[in-house]
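Working notes, beginning with the structure itself.
Please treat every number below as a calculation from the coordinates, not as lab data. If you're wondering where the values come from, they're calculated on a predicted model, not measured in any experiment. Note that we place each Cβ from the backbone using ideal geometry, even for glycine, and neighbour counts take in every protein chain shown.
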Amino acid sequence: MADKPHQPHQPHSDPIQTAISKWTSTISPPTDDAAAASAWAQELSSNAPKRFTIYEPMALLPAGSFGNPPWTTELARHSAAVTDSLWTTLLQELSRSEGRSKSRLTHLAANEGIPLLRDQGGGGGGGCDRREEENVMRSPSGLRMLHGDFGPPEPDCPPSRNDFANAFWVSTKQNGILQTWAPRWTMFSRGNVKEKARLLGFPRAPPGSEEEEEGGGRSHVWAVDLYAGIGYFAFCYAKLGMRVLCWELNPWSVEALRRGARLNKWSVDVFSRPGTSVPSEDMMASTARIVLLAEDNGIARWRTEDMKKRRRGGPWLRDVRHVNCGLLPTSRLTWDCALSLTRTTTTAGQPAWLHLHENVGEADVEPRRREIELLLGGDPGEEGLNRCIRVDRVEKVKTYAPGVWHCVFDVLVTRRE
């Protein structure tokens, strides 16, 4: 096969197309026929990814990128060095894109989503039990790392401070809030940006002390996030001036939330004692804006009731205005705890909100609204409390699957007049 004479690439406004054009101009086509070579280049171009997202210093491509037959066939023809030159060219062009990135991009990956099941044999989010189980920690084991050092593949169990230090971390800013995470070990849901903005539209906590305004925890108004992740929604409540009590199991998400809180200049305390339970008194001594419990939220009801018994008339969890239940496909197991957290709030005449995340079929949204009101209103703990519980709003966040919506049911809880 004759070498392909070097031809200048054609400029594109799309940086991915520019990179592919540059790369194909440096390699030989699989045929000597000019028409076939032109068709080859066009096929690669038309089967390239159309979108990308920047999480500095990483560029993330959508699922399936460069994984279709034209590209797998093409990349199989080349050495690792030639393939890597495609990735570096992509990063160079994405870095140059106006308004896309403030600094040079160094890492490239394709997002293959969050599997429902996880084989724990490869570390997967800090788990030790080597078996396939439900992926409750939402570990992105399908992430396809194309270029760059994403950190050690087998961290300790649980991950050590050294593992965190050696991991690759990325960051982004949404609605004025910084977030950071290690993409090898934790997910980031870009589609939640609208829901975050919506939460920021709720009333701020009443003005606190000067220390509270600077990131401390002096506010007596609370929010509770029972599935905190890396701080998706917890940070919204912190920005509204509330103290936030969080639960999160994945140690990589715990570390991401801790780092993110500090990036935003909010004080944060993490309570984690593997194999043992941290005394509630230790947690209640914290004055941090964000208090994160690295334990199973299955004991959250017990934990919060224990805190209420020990607060001795103090403000700890006395005024809980928001409870976030953000697990998909349903957060049903935490609703009883969420209701109980709001009882002293409504007794004092303040409204409280439960934000219940559910995957719901398009035709089932309204029936589910009514079902939620009946379930919550019929909770045995509500007997005699004279409270009004109603779904005030249903927010359709994004489609989860054809005909299925990720919905947030905003449940308003008030004292009945």
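I need to check one value: relative contact order of segment 15-109, counting alpha carbon pairs closer than 8 Å and at least 6 residues apart, in percent.
Result for segment 15-109 is 36 percent.
How large is Rg over Rh for segment 218-323, taking Rg from the Cα atoms and Rh as the Kirkwood inverse mean of 1/r across Cα pairs?
Radius of gyration over Kirkwood radius for segment 218-323 works out to 0.92.
Lysine pairs in the chain with Cα distance under 16 Å, only those 8 or more apart or on different chains: how many are there?
So the count works out to 13.
In segment 23-100, which GluC sites (Glu not before Pro) are in a loop and have at most 16 other Cβ atoms within 10 Å, using DSSP for the loop call?
Answer in residue order: E98.
Using amide H atoms built 1.01 Å from N in the peptide plane, name the residues 5+ places from M242, or on other chains, whose amide H lies under 5 Å from its own.
Amide H to amide H, under 5 Å and 5 or more residues apart or across chains, M242 pairs with A205.
Test of understanding: express the Cα radius of gyration of segment 15-109 as a ratio to 2.2 N^0.38 Å, with N the residue count.
Computed over Cα atoms of segment 15-109, the ratio equals 1.09.
What 222 nm value per residue comes from the helices of the chain, counting each DSSP H run with n ≥ 4 as -39,500 (n - 2.57) and dividing by all residues, nearest 500 deg cm²/dmol?
Helices in the chain give a 222 nm mean residue ellipticity of -8500 deg cm²/dmol.
Relative to 2.2 N^0.38 Å, what does the C-alpha radius of gyration of the chain come to as a ratio? Two decimals please.
Cα-based Rg divided by the globular estimate yields 1.14.
May I ask you to derive the FRET efficiency for L200 and R311 from their Cβ-Cβ distance with R0 = 25 Å, giving the value to the nearest 0.05?
The value I calculate is 0.30.
Could you run the Karplus curve 6.51 cos²θ - 1.76 cosθ + 1.60 with θ = phi - 60° over segment 332-345 and give me ³J(HN,Hα) per residue in whole Hz, x for Gly and Pro?
Working through the residues one at a time gives 3, 5, 9, 5, 4, 4, 4, 4, 5, 5, 9, 5, 6, 5 Hz.
Taking 8 Å as the Cα distance limit and 6 or more residues as the minimum spacing, I'd like the relative contact order of the chain as a percentage.
Worked out over the chain, it gives 9 percent.
Take the alpha-carbon positions of segment 191-415, form their convex hull, and give its projected area averaged over all directions (one quarter of the hull surface) in nm².
With the hull built on Cα positions only, its mean projection is 12.0 nm².
So what are the ³J(HN,Hα) numbers for segment 172-185, from phi and the Karplus equation (6.51, -1.76, 1.60; θ = phi - 60°), rounded to whole Hz, Gly and Pro as x?
For segment 172-185, the Karplus curve yields 8, 10, 10, 6, x, 10, 7, 9, 9, 6, 9, x, 5, 10 Hz.
In whole percent, what relative contact order does segment 191-415 give with Cα contacts below 8 Å and a gap of six or more residues?
For segment 191-415, the relative contact order is 17 percent.
Give, as a single signed number, the net charge of other residues whose beta carbon lies under 15 Å from the beta carbon of S85, with Lys and Arg counted +1 and Asp and Glu -1.
That works out to -1.
Treat each spin label as a single point 7 Å out from the Cα along the C-beta direction, and report the R370 to T344 distance in nm.
3.7
Kindly state, to the nearest 0.05, the FRET efficiency for R416 paired with R51, given R0 = 56 Å and r defined as their beta-carbon distance.
That gives a FRET efficiency of 0.70.
Around A285, under 12 Å between beta carbons, what's the net of Lys plus Arg minus Asp minus Glu among the other residues?
-1
Search the structure for amide H atoms under 5 Å from the amide H of H147, placed 1.01 Å from N in the peptide plane, and list their residues when 5 or more places away or on another chain.
So H147 has HN proximity to L108.
Within 12 Å, Cβ to Cβ, of W71, how many net charges do the neighbouring residues add up to if Lys/Arg are +1 and Asp/Glu are -1?
Its environment carries a net charge of -1.
Does a label point 7 Å from the Cα of L333, set along Cα-to-beta-carbon, have any residues of segment 239-254 with amide nitrogen under 16 Å, and which are they?
247-250
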